[in-house]
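Reviewing the structure listed below.
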Amino acid sequence: MRTKHLWLSVVTGAAVGAASYYLKKKLSSAPAAAPGAAAVPSPASAAPSAVTKEAVYSFISGFKDAATVEFRFDYDADRFHYAVAEDDFLTESGDSHVGILTGEDFSVQFEYGAYYSGEDFALLTQELSSRHPDLDQAVYGGLSGVKFRDGDNFCLAFPVPEDAHSYLLITLVKAPDNDDELETIPEAPDFRGLLNSASFRRV
């Protein structure tokens, strides 16, 4: 809130007295503020912003030339909970551990997949298209892969940059009381915001 400062420059004591008397008279005759008038909120009283945290899901990719791959993304910690789990997965997985993001409308499981011998992401995409006629391109921020429905869940797969061994599989599970169509959730702002912030890193 801006406040105007009035500086009075006085030369004699009489002038000071006159100015003081005039100001008191003016303030006493000013109308009172209407009851219920909305006050301008100060910055301190403004609603707090979302608490953003970074989630990390890491895994070992490769064999002889094995490297650790980290998948990172930002999420609203007030609305979602993230943890790496070794059991109680959202969906069946052959991996030793998965990342699980739990929210009110949907939950997400992150897991790595290994290519078969001689396979790459292009061949994986070809194989997926033979089993999922609805296979389509998926682009989120710096990620580019494919998406498809798998029974009651929705899946997305992304290649790991500069990695010939692994890809990331993301499985989206709709909450039981969520009336939205499953296919609309991957385009919902909450879900798109998660993956728009995502990135891979080899360490």
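The values are calculated or read from the model by the stated rules, or taken from the named source; none is laboratory data. Everything numeric in this text was worked out from a predicted model, so none of it was measured. When we count neighbours, we look across all protein chains shown, and the Cβ atoms used for this are built from the backbone with ideal geometry, even at glycine. Side chains included, ligands, DNA and RNA excluded: accessible areas come from the protein's heavy atoms. Shrake-Rupley method; radii C 1.70, N 1.55, O 1.52, S 1.80 Å.
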Item to check | Euclidean distance between Cα centres, the stretch 144-191 to the stretch 47-79, Å | outcome: 16
Item to check | Dipole moment magnitude, nearest 20 debye, the stretch 109-149 about Cα centre, only Lys, Arg, Asp, Glu C-beta charged | outcome: 140
Checklist entry - Along the positive direction of the dipole of the stretch 101-157 (beta-carbon charges: Lys, Arg +1; Asp, Glu -1; about the Cα centre), which of Gly118, Asn153, Ser107 reaches farthest? => result Gly118
Checklist outcome for this item: With DSSP loop assignment and no more than 11 other C-beta atoms within 10 Å, the GluC sites (Glu not before Pro) in the stretch 83-174 are Glu86, Glu92, Glu104, Glu162
Next on the checklist: So if I place +1 on the C-beta of Lys and Arg and -1 on the C-beta of Asp and Glu, and nothing else carries charge, what would the dipole magnitude of the stretch 135-203 be about its Cα centre? I want it in debye, nearest 20.
Outcome noted: 440
Item to check | trypsin sites (Lys or Arg not before Pro) within the stretch 43-151, DSSP loop, no more than 16 other Cβ atoms inside 10 Å | outcome: Lys64, Arg79
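Over the stretch 111-203, what percent of the accessible surface lies on carbon and sulfur atoms, probe 1.4 Å?
Solvent-exposed carbon and sulfur of the stretch 111-203 make up 49 percent of the total.
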Item to check | Full-stretch length increase - Asn153, Asp120 - with 0.36 nm per residue and alpha-carbon distance subtracted | outcome: 9.5 nm
Item to check | Å² of accessible area per residue within the stretch 103-203, as computed with a 1.4 Å probe and no ligands counted | outcome: 52
Item to check | Gain upon complete extension [Arg192, Glu104; 0.36 nm per residue less C-alpha separation] | outcome: 30.1 nm
